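S.K.: For reference, the structure I am asking about is given below.
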Amino acid sequence: MRDARASAPGKLVLCGEYAVLDGAPAVCMAVNRRAKVSITAVDGEQHRVSAPGHSSVEGQFVVDGGAIAWLQGEDDYRVVDAAWHAIAPVTKRGLSIELDTRAFVDEASGNKIGIGSSAALTVALAAALTQSGEILEPALHAHRLFQGGSGSGADIATSLTGGLVEYRMKGAAVSRLRWPAGLAYRLVWSGVPVSTRVKLEQLEKSGHDASRAALLDAAESMAGAWRSAAAVMSQFPTYIAALRQFSIDHDLGIFDAGHGQLVSAAAAAGLVYKPCGAGGGDVGILLGNSDKQLDDFMNDRKGPGCQVLDFRLEPEGVLLEQR
């Protein structure tokens, strides 16, 4: 195995969250914050893992008959364990693996920003271990192992592909979309990190099939709106209403952490605001017809939950450099 560096972008789900698990399309955007992985061959059979900014523990493991035996750091590096099981890389030497997700952390608070760091890291790690960019299936497998079997794969597909993506869980179908001309956006950080895995486990225990079915229908309609700015702006209020009822029925808190207030204020100003996290915090997106309109709106809002992120749509997906 040659030395390699790989990186992959984070993502935001713009519509289709949760409904994607029931077969609806999800539309996601890659954002220009990248998880980075560096792999270097070292002498000996022992593999080492480090993650600056995430853990002070150096992971150490050996591979015996294809099975990983951790000497230390197993709890800190479950993503490596999952990727190794999914990919089963062949190497005659030990590897030094460095994982870097510092771009996904808010510098002021030290909190993780909810833009899919684990998926981006999984994609970058899969690319480095396979020495290939054709990694959708192994990356999906690795991330599901890491998440205990939950998740749709939309985050993996977006990190792999980059840009604006429509994703369907059946067949892991991925389509690239163009960002609608004339549609301005700002990304807003609530300041509150959320565990998507916890929210998915919560959903599995709940009922309320009516609002779940309504969200699925709304997601189908909303996905088709991404062909024009006017359609996005006109369709989103209906989708947001369905998402709000779904959140209430399943006690997910999608509109908590100030998101609900921003939805109402944006609507009153002729804009659209939508939370993009699994519930309880993370990031939202503000949409309108001009940058000035959006900036004027956000300039009137100060304090926690109103931090505009300097994040943009990332056109490139996974990048691999072999040495």
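The values are calculated or read from the model by the stated rules, or taken from the named source; none is laboratory data. Since we're looking at a predicted model, the values are computed, not measured. For neighbour counting, all protein chains shown are included, and Cβ atoms are generated from backbone atoms with ideal geometry for every residue, glycine included.
S.K.: Taking Asp295, is it of a type outside the set (Lys, Arg) and over 22 Å from Pro25 (Cα atoms)?
M.R.: On the way: of a type outside the set (Lys, Arg): yes; over 22 Å from Pro25 (Cα atoms): yes.
Yes; evaluated as a whole, the condition is true for this residue.
S.K.: State all residues of segment 106-130 that are assigned to a helix (DSSP H, G or I) and surrounded by fewer than 23 Cβ atoms within 10 Å (Cβ to Cβ); if no residue qualifies, say none. Explain how you work it out, then say what you get.
M.R.: From segment 106-130, those assigned to a helix (DSSP H, G or I) are 117-130; that's our starting set.
Listed by number, the list holds a single entry, Thr130.
S.K.: What about Phe297, is it buried (at least 18 other Cβ atoms within 10 Å of the Cβ) and over 25 Å from the mean Cα position of the chain (by Cα)?
M.R.: When the stated conditions are applied, Phe297 passes them.
S.K.: Pick out the one residue from Val232, Val272 that is farther than 23 Å from Gly23 by Cα and outside the structural domain of Val27 (by TED's automatic domain parsing). Please lay out each step first, then the result.
M.R.: Values: Val232 fails: farther than 23 Å from Gly23 by Cα.
Testing whether each residue is farther than 23 Å from Gly23 by Cα and outside the structural domain of Val27 (by TED's automatic domain parsing) leaves just Val272.
S.K.: Still on this structure, I have one more. Kindly indicate whether any position in segment 221-231 is in contact with a Pro (Cβ under 9 Å, 6 or more places away or on another chain) and within 26 Å of Arg144 (Cα to Cα).
M.R.: Checked segment 221-231: at least one residue is in contact with a Pro (Cβ under 9 Å, 6 or more places away or on another chain) and within 26 Å of Arg144 (Cα to Cα).
S.K.: Continuing with this model, one more query. Quick check on Ser159: is it part of a helix (DSSP H, G or I), hydroxyl-bearing (Ser, Thr, Tyr) and under 20 Å from the mean Cα position of the chain (by Cα)?
M.R.: Yes.
S.K.: Only one of Asp100, Asp81 is touching a Leu at 6+ places or on another chain (Cβ under 9 Å), among the acidic types (Asp, Glu) and under 16 Å from Ala6 (Cβ atoms); which?
M.R.: Sole residue among the options that is touching a Leu at 6+ places or on another chain (Cβ under 9 Å), among the acidic types (Asp, Glu) and under 16 Å from Ala6 (Cβ atoms): Asp100.
S.K.: To continue, here is another question. Out of the residues in segment 258-315 that are outside any strand (DSSP E or B), within 24 Å of Ala8 (Cβ to Cβ) and not acidic (Asp, Glu), which is modelled with the lowest pLDDT?
M.R.: Out of the qualifying residues, it is Gly281.
S.K.: Can I ask one more? Name every residue in segment 52-100 that is assigned to a strand (DSSP E or B), acidic (Asp, Glu) and buried (at least 19 other Cβ atoms within 10 Å of the Cβ), in order of residue number.
M.R.: Across segment 52-100, the qualifying residue is only Asp100.
S.K.: Quick check, is Gly133 in a loop (DSSP other than H, G, I, E, B), touching a strand residue (DSSP E or B) at 6+ places or on another chain (Cβ under 7 Å) and under 28 Å from Gly94 (Cβ atoms)?
M.R.: When the stated conditions are applied, Gly133 passes them.
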